[in-house]
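*Asks:* My structure is below; once you've seen it, I'll send some questions.
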Amino acid sequence: MPDIEDPADLPAARTREVYTPSALTRFVRDLLEDTLPLIWVEGEISNFSRPASGHLYFTLKDASAQVRCAMFRPRSTWLRFRPVDGQRVLARARVSLYEARGEFQLIVESLEDVGEGALQRAFEQLKAKLAAEGLFDAAHKRPIPPLPRRIGVITSPSGAAVRDVLSVIARRFPLVEVDVLPVPVQGKEAPPAIAAMLAAASRAQRHDVLLLTRGGGSLEDLWAFNDESVARAIRACAIPVVSAVGHETDFTIADFAADLRAPTPSAAAELLVPDARAVARTLERERAQLQQRVRRALEARSQRLDHLLARVNAQRP
């Protein structure tokens, strides 16, 4: 029977290294965070919660696995959408470990809706392509007439945008004629309809300027104005085109292709027509200046006539 070694007699090299739970989880956390870079993880949100602290806690899962996630303030306040259970998202995150529970987790730096993220990438790709062709070059931009007689508004006839535009124009300069050229502004049928209306207006040559507009919405709602056919129809149009799509912070491909971009439909209407009261004040000022110039010219000619008459009388007393 072999002799049993006394633990006290074991060599130092064979002495066991003992971790506490805190030391072990801290070691594993540092190992994960130092070894793995920022990664992208796509999955479905579940168990979403937003406590009073403003931090976000949720699980990302697929059919076979799940991982806990945390997104801390202030990054959680920068989101452009409100995450909900069942939503597919794309997370850029650091791999870490929650020491208090020994749980593997992701510290999320940014979060994108999968659908919106795909649309944003498509937007950037199309923008780069058309910019490389010179479609957005300032040299191609046509001047907007300072006082158009007739404006064509390409938009939905039942949307809030057309009401805003008509209201502003009626208040500022009601003498301008406005034609509403109806098109759908959302959905698959919208891009071909908008492109066809731009082409028809170009052929008709009835308008001095065209306004392409709709109200605000999500990136998906505004997607008809990010269509390549719409951008090319704008540049092919023989009439200057003003684009006013969505809110002030929204930018679409149509905005870059148009001759002028306005931040909102109401702002576009204000850019297109002058204020009638300002025009009246300008006309009154110019009328007064013209009267003064005519009076001075008549006085100068009358004085010269008197001078010539005096010379005649001096020569023929």
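The values are calculated or read from the model by the stated rules, or taken from the named source; none is laboratory data. In this text, all values refer to a predicted model and were calculated from it rather than measured experimentally. Methodologically, a virtual Cβ is constructed for each residue, glycine included, from the backbone with ideal geometry; neighbour enumeration extends over all protein chains shown. For accessibility, only protein heavy atoms count, side chains too; no ligands or nucleic acids. Shrake-Rupley method; radii C 1.70, N 1.55, O 1.52, S 1.80 Å.
*Asks:* Across region 175-230, what is the total count of residues that are within 21 Å of Leu260 (Cα to Cα), among the hydroxyl-bearing types (Ser, Thr, Tyr) and not in a helix (DSSP H, G or I)?
*Replies:* Residues that pass the stated criteria total 1.
*Asks:* Restricting attention to region 282-289, does a residue exist that is under 23 Å from Ile151 (Cβ atoms) and surrounded by fewer than 17 Cβ atoms within 10 Å (Cβ to Cβ)? I'd like the intermediate steps shown before the answer.
*Replies:* Residues of region 282-289 that are under 23 Å from Ile151 (Cβ atoms), as a first pass: 282-283.
In the following step, the residues that additionally are surrounded by fewer than 17 Cβ atoms within 10 Å (Cβ to Cβ) were identified as 282-283.
Yes: region 282-289 contains one or more residues that are under 23 Å from Ile151 (Cβ atoms) and surrounded by fewer than 17 Cβ atoms within 10 Å (Cβ to Cβ).
*Asks:* Next up: Identify all residues within region 169-189 that are more than 24 Å from the chain's Cα centre (by Cα), open to solvent by less than 70 Å² (accessible area, probe 1.4 Å), modelled with pLDDT under 95 and of a type outside the set (A, V, I, L, M); write none if there are none.
*Replies:* Arg172, Phe173
*Asks:* To continue, here is another question. Considering only residues that are crowded, with 17+ Cβ neighbours inside 10 Å and either small (Gly, Ala, Ser) or more than 13 Å from Ile45 (Cα to Cα) (or both), look in region 79-105 and name the one that is nearest to the chain's Cα centre (by Cα).
*Replies:* My answer is Ala91.
*Asks:* Can you give me the number of residues within region 139-168 that are among the aliphatic types (A, V, I, L, M), in a loop (DSSP other than H, G, I, E, B) and modelled with pLDDT under 95? I'd like the intermediate steps shown before the answer.
*Replies:* The initial filter retains those residues of region 139-168 that are among the aliphatic types (A, V, I, L, M), namely 139, 144, 147, 151, 153-154, 160-162, 165-166, 168.
Then keep just the ones that are in a loop (DSSP other than H, G, I, E, B); that gives 144, 147.
Among the residues that remain, those that are also modelled with pLDDT under 95 are: 147.
Residues meeting the conditions: 1.
*Asks:* Quick one: which residue in Val162, Val114 is touching a Ser or Thr at 6+ places or on another chain (Cβ under 8 Å), open to solvent by less than 70 Å² (accessible area, probe 1.4 Å) and not basic (Lys, Arg)? Even if it seems obvious, please write down each step before you answer.
*Replies:* Numbers: Val114 fails: touching a Ser or Thr at 6+ places or on another chain (Cβ under 8 Å).
Only one candidate passes the filter, namely Val162.
*Asks:* Right, here's the next one. Could you list all residues from region 130-161 that are more than 16 Å from Arg261 (Cβ to Cβ) and without any contact (Cβ under 8 Å) to a residue 40 or more places away in the chain?
*Replies:* Ala132, Glu133, Gly134, Ala139, Pro157, Ser158
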